[in-house]
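The values are calculated or read from the model by the stated rules, or taken from the named source; none is laboratory data. Remember, predicted model here, so these are calculated numbers, not experimental data. Don't worry about glycine lacking a Cβ; one is built from the backbone with ideal geometry, like all the others, and counts go over all protein chains shown.
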């Protein structure tokens with residue numbers, strides 16, 4: 001039986017109520033989410049001594065996620081990313097031969113859905129029962145430059161097998177571009193220290209080439225012999241020029257919800273993370289550009305404090321015909337699912 005608790009935490013400056021929901025299973029594993037930004041605030045694995053290993057970065061309270069200090073160098077901790085994840089080159093899209101300029105977040109491109117994407121919205125609380133928390137956001141026509149009224153739901157769930165999942169569902173009244181992800185920052189050592197020696201693997205033999213702005217070009221390159229090779233177990237601290245960081249997209253060799261897409265473990269804690277997804281790609285970011293800021297449990301976060309496994313369709317796919325389709329039409333349902341499976345490392 002999955003226990004769900006709901007708490008009215010605070011009020012957003014826009015006047016909307018902000019809630020915190022905690023899902024807990026019989027073994028004591030907990031996941032906490034909030035309707036501000038549909039943020040995953042914590043994923044706590046109960047250890048044999050009764051203490052917890054919280055494997056994602058974040059803050060103790062929702063209000064800290066919209067504080068001025070945090071927004072100055074904003075890393076999107078644990079947030080829903082939409083309408084369109086990652087970078088869209090030239091901050092423009094074309095649908096049915098019509099061009100739509102988008103709000104630029106950086107010179108030459110739009111990042112993570114625009115200046116005020118799904119990550120900064122107060123989502124509507126729909127339900128919190130039967131092991132599921134359902135949130136909804138209605139993105140109006142023209143928001144951040146995108147056409148169509150888009151209705152998006154996210155469904156968070158936890159089961160007794162220590163599988164925490166999120167599902168996205170979306171519909172539109174006009175053709176529009178949709179590519180939604182989630183931006184959890186993982187540190188399997190209870191959020192402490194750097195992740196240079198945490199062990200990562202992505203089941204991909206290729207990566208997507210990027211230009212100087214980290215926008216994908218359309219070229220798909222082999223990982224073998226490059227610093228981007230995580231097709232076997234590797235550590236981000238062991239790659240060539242590790243301080244340059246990693247911000248790379250990996251199309252999966254065998255995509256599908258029943259295949260392991262990415263996995264990780266660390267020496268200090270016994271937990272292992274496995275990622276399963278319906279999406280065709282995992283984007284790896286090792287937080288090399290993250291700011292110094294104090295997070296939950298008094299932890300001081302810095303660059304290289306976490307890694308992100310962002311499941312999505314190929315970045316900039318809307319502008320690259322050889323990449324998978326990311327246009328949603330009226331009458332269609334956009335639907336994706338990603339699962340984080342937590343097990344004890346031998």
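Within the range 302-322, the set of residues being surrounded by 20 or more Cβ atoms within 10 Å (Cβ to Cβ) and either more than 16 Å from residue 180 (Cα to Cα) or under 13 Å from the mean Cα position of the chain (by Cα) (or both) comprises 304, 305, 306, 307, 308, 309, 310, 311, 312, 313.
If you go through the range 29-50 and keep only what is over 19 Å from residue 186 (Cα atoms) and either modelled with pLDDT under 95 or in contact with a helix residue (DSSP H, G or I) (Cβ under 7 Å, 6 or more places away or on another chain) (or both), you end up with 36, 48, 49, 50.
Within the range 44-62, how many residues turn out to be under 22 Å from the mean Cα position of the chain (by Cα) and in a strand (DSSP E or B)? Here the count works out to 5. Only one entry of 269, 279 meets the criterion of being part of a loop (DSSP other than H, G, I, E, B), within 17 Å of the chain's Cα centre (by Cα) and buried (at least 17 other Cβ atoms within 10 Å of the Cβ), and that entry is 279.
The set of residues in the range 282-301 being part of a loop (DSSP other than H, G, I, E, B) and under 17 Å from the mean Cα position of the chain (by Cα) consists of 286, 287, 288, 289, 290. Could you tell me how many of the residues in the range 106-124 are closer than 18 Å to residue 317 by Cβ, out of contact with any helix residue (DSSP H, G or I) (no Cβ under 9 Å at 6 or more places or on another chain) and in a loop (DSSP other than H, G, I, E, B)? Total satisfying the criteria: 1.
Within the range 224-245, the residues that satisfy the criterion of being free of Cβ contacts under 8 Å to residues at least 60 places away in the same chain, crowded, with 18+ Cβ neighbours inside 10 Å and in contact with a strand residue (DSSP E or B) (Cβ under 8 Å, 6 or more places away or on another chain) are 228, 230, 231.
Among residues of the range 82-117 being within 16 Å of residue 289 (Cβ to Cβ) and in contact with a strand residue (DSSP E or B) (Cβ under 7 Å, 6 or more places away or on another chain), the one that is surrounded by the most Cβ atoms within 10 Å (Cβ to Cβ) is 86. Within the range 63-85, if we keep just the residues that are more than 18 Å from residue 15 (Cα to Cα) and not in a loop (DSSP other than H, G, I, E, B), the residue that is farthest from the chain's Cα centre (by Cα) turns out to be 69. Return the residues of the range 243-266 that are over 18 Å from the mean Cα position of the chain (by Cα) and closer than 14 Å to residue 199 by Cα; say none if nothing qualifies. Of everything in the range 243-266, those that are over 18 Å from the mean Cα position of the chain (by Cα) and closer than 14 Å to residue 199 by Cα turn out to be 265, 266.
Could you tell me which of the residues 171, 217, 151, 129 is over 17 Å from the mean Cα position of the chain (by Cα), surrounded by fewer than 17 Cβ atoms within 10 Å (Cβ to Cβ) and within 16 Å of residue 83 (Cβ to Cβ)?
Only one candidate qualifies: 151.
Tally the residues that are farther than 16 Å from residue 77 by Cβ and part of a strand (DSSP E or B), restricting the search to the range 10-43.
9
Whenever a residue of the range 127-155 is at negative phi, it has no partner that is at pLDDT below 95 and exposed (fewer than 14 other Cβ atoms within 10 Å of the Cβ) lying with C-beta atoms less than 7 angstrom away and at least six residues away or across chains.
Scanning the range 1-43 for residues being buried (at least 23 other Cβ atoms within 10 Å of the Cβ) and either more than 27 Å from residue 308 (Cα to Cα) or more than 24 Å from the chain's Cα centre (by Cα) (or both) gives a total of 0.
Residue check: residue 120 meets all listed conditions (1) over 17 Å from the mean Cα position of the chain (by Cα); (2) buried (at least 19 other Cβ atoms within 10 Å of the Cβ) but one, namely (1).
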